[in-house]
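Heads up: the structure comes next, in structure tokens.
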Amino acid sequence: MPTATETEVGTVVSLWRYHVKSMMGEELKETEITKRGLRGDRAYALIDSSDGKAATAKNPRKWPRLFYFRARSIEPVRGATKLFPVQIAFPDGTTVDSEQSDLNQILSKALNREVTLRAAEHGSVDAEEYWPDMEGLDHRDTVTDFTLPEGTFFD
């Protein structure tokens with residue numbers, strides 16, 4: 001119950017971390033909050049080798065299956081100063097981890113595009129967004145580029 005000087009603005013019902021941009025994530029019982037949000041959230045993205053852009057569900061024509069994949073921590077992320085490994089589960093239940101030497105080939109085959117798993121700490125990258133043909137949108141039936149902030153894969 002808030003005191004006379006406090007105002008309750010909501011209740012946390014569950015916490016989720018999404019290690020790989022536009023993949024499903026994992027529910028957490030606890031986590032650390034940093035200046036950039038939950039520690040480890042969107043720490044990775046798949047980079048399309050043909051154009052160097054981050055794979056994102058904002059362009060479902062190009063990346064229709066990203067939401068079918070799920071990424072989770074292999075080890076605790078608490079206080080991590082180094083990049084931590086993640087496990088990626090495929091729609092059929094197969095799993096791979098970020099430290100496998102053949103990871104990029106396996107992901108590329110599953111997505112029918114050549115991709116590389118990249119950490120957010122390696123500078124900024126562009127992504128794409130598809131705008132459907134709907135009245136009132138800034139763009140209609142087109143794809144636009146946008147740059148993700150340096151050091152993160154958040155939009």
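Only the coordinates and a few stated rules stand behind these numbers; no lab work does. Being a predicted model, the structure only gives us computed values, none of them experimental. Because the Cβ atoms are built from the backbone with ideal geometry, glycine has one as well, and the counts that use them run over all protein chains shown.
Counted as qualifying within region 105-151 are the strands (runs of 3 or more DSSP E) with 3 or more residues that are touching a helix residue (DSSP H, G or I) at 6+ places or on another chain (Cβ under 7 Å) and surrounded by 14 or more Cβ atoms within 10 Å (Cβ to Cβ), namely 115-119.
If you go through region 10-43 and pick out every residue that is farther than 18 Å from Glu128 by Cβ and in a strand (DSSP E or B), you end up with 11. With respect to the conditions (1) in contact with a strand residue (DSSP E or B) (Cβ under 6 Å, 6 or more places away or on another chain); (2) in contact (Cβ under 8 Å) with a residue 24 or more places away in the chain, Leu111 lacks only one, and its number is (1). Among the criteria (1) within 17 Å of the chain's Cα centre (by Cα); (2) on the phi > 0 side of the Ramachandran plot, the one Lys53 does not fulfil is (2). Among the residues making up region 47-76, those that are surrounded by fewer than 16 Cβ atoms within 10 Å (Cβ to Cβ) and part of a loop (DSSP other than H, G, I, E, B) are Ser49, Ser50, Asp51, Gly52, Pro60, Arg61, Pro64, Arg65, Ile74, Glu75, Pro76.
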